[in-house]
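Read-outs throughout are calculated quantities, based only on the coordinates presented, and are distinct from any laboratory measurement. As the structure is a computational prediction, the values presented were derived from the model and not from experiment. Neighbour counts are summed over all protein chains in view; Cβ atoms, including those assigned to glycine, are modelled from backbone coordinates with ideal geometry.
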Amino acid sequence: DNAPLMLNSFAKSYIINKAAQAATASANVSAVVVNIGGDLVVRGSITEPVKVSDPHADAENDAPLTGLTIHNKAVATSGNYRRGVQIGDHWYSHIVDPRTGQPAEQIISATVVAPNASDAGALATAFNVLSPKESLKLIASVPNAEALIITKEGKHIESK
């Protein structure tokens, strides 16, 4: 009845974009990396290596699933493998499908690289509730964006 609406993901993306924008507007700054909780923006003359966590790993410091090199873009990951609640034998995601009101279950992780953090964050969250087919159609409509989606069965789906 009185469930809270959490806007953390959107606020984080907005803050990352604004911080990177302010930093690059400063005198004598040729490059900046702003990283808040693993979502980041890279601007300017540098590249930044980014490790994508394996959502099936037991610990956050386990070997990464893959690595990316980011230049003048943003990356965001959203998933239910670290946040949610265990009730009995079932894990419930903190990400809720607004179409059904039910926790997202089929996708456990979505990583998006996009021109800005707002797009990357919004798409990564959306891909947790959309089907892989819907997600691939949507990412194809966003210029200079790409995604890695991982299903709960462990299937890796990459945009082209």
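Going residue by residue through segment 21-36, is there one that turns out to be under 26 Å from residue 133 (Cβ atoms) and outside any loop (DSSP other than H, G, I, E, B)? No, that holds for no residue.
Of the residues making up segment 59-101, those that are without any contact (Cβ under 8 Å) to a residue 60 or more places away in the chain, within 18 Å of residue 135 (Cα to Cα) and out of contact with any helix residue (DSSP H, G or I) (no Cβ under 7 Å at 6 or more places or on another chain) are 80, 96, 97, 98, 99, 100. Within segment 21-47, residues that are surrounded by 14 or more Cβ atoms within 10 Å (Cβ to Cβ) sit with their Cβ atoms under 7 Å from residues that are part of a loop (DSSP other than H, G, I, E, B) and of a type in the set (Gly, Ala, Ser), at 6+ positions apart or across chains, in these pairs: 31/45; 44/30.
Applying the condition of being under 22 Å from residue 12 (Cβ atoms), touching a Phe, Trp or Tyr at 6+ places or on another chain (Cβ under 9 Å) and of a type in the set (S, T, N, Q) to segment 61-92 and asking which residue is surrounded by the most Cβ atoms within 10 Å (Cβ to Cβ) yields 78.
Considering 104, 140, which residue is touching a Lys or Arg at 6+ places or on another chain (Cβ under 8 Å) and free of Cβ contacts under 8 Å to residues at least 60 places away in the same chain?
140
Only residues that are assigned to a loop (DSSP other than H, G, I, E, B) and in contact (Cβ under 8 Å) with a residue 60 or more places away in the chain were counted in segment 48-58, giving 2. A single member of 84, 121, 101 is in contact with a His (Cβ under 6 Å, 6 or more places away or on another chain) and of a type outside the set (Lys, Arg), and it is 84.
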